[in-house]
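All remarks here apply to the structure that follows.
Throughout, read-outs are computed from the coordinates displayed, never taken from laboratory work. The structure displayed is predicted, hence computed values, not measured ones. Glycine gets a Cβ as well: all are built from the backbone with ideal geometry, and neighbour counts include every protein chain shown.
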Amino acid sequence: MINNDLIKNLLNNERRAVARSISLVESDNEFSAELLKRIYTSVGRAYRIGITGPPGAGKSTITNFLSKYYRTKDKKVGVIAVDPTSPFTGGALLGDRIRMSELVNDKGIFVRSMATRGSLGGLSKKAVDAADVLDAAGYDIIIFETVGVGQSELDIAQAADTTIVVLVPESGDTVQAMKAGLMEIADFFVMNKSDRPASEQAVMALKSILGLREHNADTWMPSIIKSIATENKGINEIAEEVDKHHQYLNNTGNFIKRRENRAKQRIKDIVEEKIRRELWGESRENSLNSSLENVVLGNLSPYHIAEKIIEDFKKNL
């Protein structure tokens with residue numbers, strides 16, 4: 001049973017209650033589900049921004065300065081860093097750790113690092129639950145900084161209202177972005193480290209690729225923002241582009257559509273996870289293990305075994 005004081009303190013943005021609540025949802029037990037159900041009527045006010053891209057592109061630096069920018073606008077910022085190379089995890093250089101301490105010491109910013117838990121897209125499912133906690137606690141902006149592993153980043157696009165893909169001018173980066181599916185999920189691009197010699201060429205390559213997209217007058221066309229994040233250059237422009245995209249979503253009705261799609265996918269994920277846990281209890285795991293020899297020897301197809309397990313599951317519903 002969740003303590004009522006925890007809920008009350010969380011909704012009042014008491015930092016210990018926020019931290020404890022996020023730890024609770026990370027534990028992924030029946031109490032975490034109870035907590036998320038009880039706070040959900042207070043969720044939905046925060047604007048969620050996803051920042052992703054290849055490793056070393058400068059996502060963490062942009063997250064740092066973007067958080068500071070929103071604080072100058074009197075916005076409370078929650079940061080969920082799901083990147084093992086992020087300064088928020090403590091595994092970075094001293095300079096990054098100093099920048100992290102600046103954020104942590106600001107009472108209007110709450111930073112939490114989380115493991116990817118094997119999520120190919122680089123975003124832990126628990127990170128979305130943690131975002132709900134921060135949302136309910138009254139944070140206006142929630143930033144997901146995700147691991148850029150070259151895999152499909154669809155889960156960040158499903159979790160965020162605006163998705164920013166950060167690239168750098170190095171040779172092959174744009175091609176890598178195409179392979180990783182980042183081109184399809186970006187609401188706009190940031191060409192970081194744009195003082196480097198290959199910057200203009202990389203921007204032109206991106207523009208050429210974007211020009212191949214089908215679009216009409218009502219279609220949002222991703223722009224390309226140049227930045228030198230370590231010098232705090234381009235951060236204002238990034239924030240302005242987020243605002244433009246937010247306005248576009250509101251004006252076209254796509255804001256609600258995105259959130260409906262997000263809710264639909266999340267419900268499916270929750271249902272599938274619950275079924276998976278119930279399905280693979282100890283007895284069925286033992287049944288599977290006892291059948292493996294027949295599969296290896298070619299006496300039974302894996303489909304035979306799978307169908308038998310499903311039939312057994314249905315009988316016990």
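Tabulated data for the structure shown
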item: In Hz, Karplus ³J(HN,Hα) per residue of the stretch 218-231 (6.51, -1.76, 1.60; θ = phi - 60°; x = Gly, Pro); result: 8, 8, 6, 9, x, 9, 10, 9, 8, 8, 10, 4, 5, 9
item: Global geometry of the stretch 1-82, whether rounded, prolate or oblate, following the gyration tensor of its Cα atoms and the 1.5 cut on a/c; result: prolate
item: Label-point gap, in nm, between T252 and S301 - each point 7 angstrom along Cα→Cβ; result: 4.5 nm
item: For I143, residues with placed amide H under 5 Å, excluding near neighbours; result: I49, G78, V79, I80
item: Under-5 Å amide H pairs with K226, H placed in peptide plane, nonlocal only; result: M191
item: Sorted by Cβ density within 10 Å, fewest first, the residues E241, E278; result: E278, E241
item: The stretch 246-273-the stretch 40-63 distance, computed between alpha-carbon centres (Å); result: 16 Å
item: Residues whose placed amide H lies under 5 Å from that of I109, excluding near-sequence neighbours; result: V77
